[in-house]
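Chemist: Pasting a structure below so you can have a look.
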Amino acid sequence: MAINHSMKKILKALSFDGIEVEAARHLASLKAIDPMKIFHKTIDYKIYNGDYEVPVRIYLPREKVTEDLPVFLFFHGGGWVTDCIDNYERICARLASATEHIVVSVEYRLAPEHPFPTGFMDCYAVAKAIYTNRFILNVNPQRITLIGDSAGGNLAAAVSLKARDDGIFKPQRQILIYPAVNNDYNETSRFQSVKDCGSDYLLTAGKMRDYIDFYAAREEDKKNKYFAPLMETDYRNQPDTLILTAEFDPLRDEGEEYGKRLKEAGNYVEVHRIKDALHGYFALGIRYFHVQESFELINQFLSRRE
């Protein structure tokens, strides 16, 4: 359904710049309220990143599971600042149910208390443990898919780059949902979606500037390819990739550019723009058309390698 004039006025009124961290975290926690909660079995577990224990939550798609079930390693969004695995309970439970995957959701540490690279290295440590069978479940590395939305898409892409660079494990697939892969959300941005969608569609360019500043420990971090994957210059040997972008999203064009670069480097890539969608739509629940369309695309993408 297209965004009509009245809806545009409401969206414009709700679109404001500036992030106050605690207030934003309280607002994000509303996602944990789920009146349509479905039954699901979860296991809480921890994986070490050095001396720190990274919490993960494992979602099982059904009561009885077999060892050959595929796995999603899920990194949540929230600008590296505001969200947590509790807020993503509904999303991960439905993802497990709709795709018949075990979902492992990572509680990486948040900025600004823990700026880059802390949260990223939490995600990488969890990925390395799961791919190298240092995990509670016996997982086939060929059947693991990295997945994340927004800042989580950034983290999934960055983990894939570092995995290739380090050579310890090799992700086969990644799904990036409206990923934040750039570092510049000023008026000078070369991406038209920042200009066209950066003020009136909930997520603003101003908020993205704040998120980036919170996430960076120092200015030079913003040029690090694991901070902003569009800073990479070599995109060879990356996983099969599905990228979903939202039509009315300041991050739209950078996600599509990332897909273009991966494809030009010889990787298998699918990029789909979800018509009329806003940034954050994936959290709305399975009954929404944009979410249903996304799950159809995800299942089609996964079926290529099954």
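Chemist: Given a 1.4 Å probe, how much area per residue of the stretch 118-180 is accessible, in Å²?
Modeler: 25
Chemist: With every protein chain present, what accessible area does Tyr108 have (1.4 Å probe, heavy atoms only), rounded to the nearest 10 Å²?
Modeler: Number for this one is 10 Å².
Chemist: Report the dimensions of the stretch 104-220 along its three principal axes from the alpha-carbon atoms, largest first, rounded to Å.
Modeler: Answer, in whole Å and largest first: 47, 27, 24 Å.
Chemist: I'd like the Karplus ³J(HN,Hα) series for the stretch 215-228: coefficients 6.51, -1.76, 1.60, θ = phi - 60°, whole numbers in Hz, and an x wherever there's a Gly or Pro.
Modeler: For the stretch 215-228, the Karplus-derived couplings read 6, 6, 7, 8, 4, 5, 4, 5, 9, 6, 5, 7, 7, 9 Hz, x marking Gly and Pro.
Chemist: Can you give the convex hull volume of the alpha carbon atoms of the stretch 194-306 per residue, in Å³?
Modeler: About 125 Å³ per residue, rounded to a whole number.
Chemist: Quick one: pull the percent of accessible area on the stretch 67-205 belonging to carbon and sulfur, 1.4 Å probe, ligands and nucleic acids left out.
Modeler: Roughly 47 percent, rounded to a whole number.
Chemist: Also, quick follow-up: Given H placed on each backbone N at 1.01 Å, which residues far from Glu247 in sequence or on other chains put an amide H within less than 5 Å of it?
Modeler: Ile274, Asp276, Ala277
Chemist: In the full protein assembly as shown, how much of Thr118 is accessible to a 1.4 Å probe, in Å² to the nearest 10?
Modeler: Counting only protein heavy atoms, Thr118 exposes about 40 Å² to solvent.
Chemist: Here is a further query. Can you give the translational diffusion coefficient of the stretch 155-205 in µm²/s, computed by Stokes-Einstein from the Kirkwood radius over Cα pairs at 25 °C and 0.890 mPa s?
Modeler: The estimated diffusion coefficient comes to 187 µm²/s.
Chemist: Using packing as a proxy for protection, rank 262-272, 141-151 so that the peptide with the highest average count of other Cβ atoms within 10 Å comes first.
Modeler: 141-151, 262-272
Chemist: Give me the dipole magnitude in Debye, nearest 20, for the chain about the Cα centre, with unit charges on the beta carbon: positive for Lys and Arg, negative for Asp and Glu. Before the final figure, lay out the partial values.
Modeler: On the way: 39 positive and 44 negative charges, 129 e Å.
It works out to roughly 620 debye.
Chemist: For the stretch 59-114, which GluC sites (Glu not before Pro) are in a loop by DSSP, counting at most 16 other Cβ atoms within 10 Å?
Modeler: The qualifying sites are Glu63, Glu67, Glu100, Glu113.
Chemist: Rounded to the nearest 0.05, what FRET efficiency do Gln172 and Met231 give with R0 = 22 Å and r taken as the Cβ-Cβ distance? Could you check?
Modeler: Result of the calculation: an efficiency of 0.35.
Chemist: Can you tell me which of Met121, Met208, Met231 moves the most in a GNM of the chain? Springs connect C-alpha atoms under 10 Å apart.
Modeler: Of the options given, Met231 has the highest mean-square fluctuation.
Chemist: Just read off the accessible area of Asp213 with the full protein assembly in place, 1.4 Å probe, to the nearest 10 Å².
Modeler: It works out to around 80 Å².
Chemist: Oh, and also: Which ³J(HN,Hα) values in Hz, rounded to whole numbers, follow from the phi angles of the stretch 145-156 under the Karplus curve 6.51 cos²θ - 1.76 cosθ + 1.60, where θ = phi - 60° and Gly and Pro get x?
Modeler: So the J values, rounded to whole Hz, are 10, 6, 8, x, 10, 6, 4, x, x, 4, 5, 4.
Chemist: Let me ask something additional. Between their Cα atoms, which of Lys162/Lys195; Lys170/Lys263; Lys46/Lys225; Lys162/Lys223 are more than 25 Å away from each other? Show your work: numbers first, answer last.
Modeler: Working: Lys162/Lys195 31 Å; Lys170/Lys263 18 Å; Lys46/Lys225 27 Å; Lys162/Lys223 15 Å.
The answer is Lys162/Lys195; Lys46/Lys225.
Chemist: Once amide H atoms are built 1.01 Å from N in the peptide plane, which residues 5 or more positions from Phe72, or in another chain, come under 5 Å H to H?
Modeler: Sorted by chain and number, the residues that satisfy this are Ile102, Val103, Val104, Thr145.
Chemist: While we're looking at this one, here's another question. Starting from the coordinates of the alpha-carbon atoms of the stretch 218-271, obtain the Kirkwood hydrodynamic radius over all distinct pairs and give the value in Å to one decimal.
Modeler: Here the Kirkwood hydrodynamic radius works out to 11.9 Å.
Chemist: Modelling each spin label as a point 7 Å along the Cα-to-Cβ direction, I'd like the Thr42/Gln292 distance in nm, to one decimal.
Modeler: 2.7
Chemist: May I ask you to work out the translational diffusion coefficient for the chain at 37 °C, viscosity 0.692 mPa s, via Stokes-Einstein with Rh from the Kirkwood sum over Cα pairs, reported in whole µm²/s?
Modeler: So the translational diffusion coefficient is about 171 µm²/s.
Chemist: Here's something else I'd like to know. Once you place label points 7 Å from the Cα toward the Cβ at Glu264 and Asn140, how far apart are they in nm?
Modeler: Placing both labels 7 Å beyond Cα along the Cβ direction yields 3.6 nm.
Chemist: Then there's this: Considering only Gln174, Gln192, Gln238, give the residue with the highest GNM mean-square fluctuation for the chain, with springs between Cα atoms whenever their separation is below 10 Å.
Modeler: Gln192
Chemist: Once R0 is set to 22 Å, what does the formula 1/(1 + (r/R0)^6) return for the Cβ-Cβ distance between Glu256 and Ala217, expressed as a FRET efficiency to the nearest 0.05?
Modeler: E(calc), rounded to 0.05, equals 0.15.
Chemist: Could you tell me which of rounded, prolate or oblate describes the stretch 182-237, using a ≥ b ≥ c as the square roots of the eigenvalues of the alpha-carbon gyration tensor, with rounded for a/c under 1.5 and, failing that, prolate when a/b is larger than b/c and oblate otherwise?
Modeler: Numbers: a/c = 2.45, a/b = 1.44, b/c = 1.71.
Oblate shape, in that a/c is at least 1.5 and b/c is the bigger or equal ratio.
The values are calculated or read from the model by the stated rules, or taken from the named source; none is laboratory data. These numbers were taken from a predicted model, which means no experiment stands behind them. Here the Cβ is made from the backbone with ideal geometry for all residues, glycine too, and neighbour counts use every protein chain on show. The accessibility values were calculated without ligands, DNA or RNA, using every heavy atom of the protein model including side chains. Shrake-Rupley method; radii C 1.70, N 1.55, O 1.52, S 1.80 Å.
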